[in-house]
C-alpha cells in the first residue's frame, strides 16, 4: 500500500507563502517613512505660505520667536496622521478609501472650527473652510500617491 500525502486546500503552506519576507516589510516601512516625511514637508511649507500671506496664524505654538507655524502639528500630528491614514487605506478597496478621504475632508472642517474656538488657530475673515476640505482631500490623495509610488519602486 502506497502512502501519499495530499495537501489540504486550507493548509498552512499557502499562508506561509503569503507572508512577507523581512526585506519586503523593510521596504514597506521605508515607503511609510518617505510618505510621512513628505506630509511633514508639504504641510510645513503650506503653513509657511498661508501664514506668510496672512490667511491664518497660530497664536499658541512652540518657540513663537523662531517659528511662525505650529511645529507640533507639522512635525508630529500631520505625519502620524498620514501614517495612520496610509495604514488603513492600504487595507481598503478603492471605494472605501475614497469615502475615508472624503470623511477626513469633512472632519478637518470641524476640527479647524474647534481649534479656532480653543484659540489654537485663527483664520483671516476671507478664509472659507471649504478650502481646507478640498485642500486636505488633495493632500491625502498626494500622500497616498507618494506612498504607492515608493511601495512599487523601493
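Values quoted throughout were computed directly from the atomic coordinates according to the rules given, and no laboratory measurement underlies them. Being a predicted model, the structure only gives us computed values, none of them experimental. In this analysis, Cβ positions are derived from the backbone assuming ideal geometry, glycine residues included, and neighbour counts consider all displayed protein chains.
Here are 29, 91: which of them is outside any helix (DSSP H, G or I), on the phi < 0 side of the Ramachandran plot and surrounded by fewer than 17 Cβ atoms within 10 Å (Cβ to Cβ)?
Matching residue, one of 29, 91: 91.
Could you say which residue among 86, 78 is part of a helix (DSSP H, G or I), touching a residue at least 60 places away in the same chain (Cβ under 8 Å), touching a helix residue (DSSP H, G or I) at 6+ places or on another chain (Cβ under 8 Å) and surrounded by 13 or more Cβ atoms within 10 Å (Cβ to Cβ)?
The unique qualifying residue is 86.
Being exposed (fewer than 12 other Cβ atoms within 10 Å of the Cβ), within 24 Å of residue 122 (Cβ to Cβ) and either without any contact (Cβ under 8 Å) to a residue 40 or more places away in the chain or in contact with a helix residue (DSSP H, G or I) (Cβ under 7 Å, 6 or more places away or on another chain) (or both) is true for just one of 99, 71, 53. Which residue is that?
Within the list 99, 71, 53, the selection yields 53.
Those residues that are under 29 Å from residue 151 (Cβ atoms) and over 22 Å from the mean Cα position of the chain (by Cα), I need them from the stretch 26-62; list them, please.
none
Filter the stretch 102-132 for residues that are free of Cβ contacts under 8 Å to residues at least 24 places away in the same chain and outside any helix (DSSP H, G or I); which is farthest from residue 88 (Cα to Cα)?
125
Taking the criterion of being at negative phi, assigned to a loop (DSSP other than H, G, I, E, B) and touching a residue at least 24 places away in the same chain (Cβ under 8 Å), would at least one residue in the stretch 60-67 satisfy it?
Yes.
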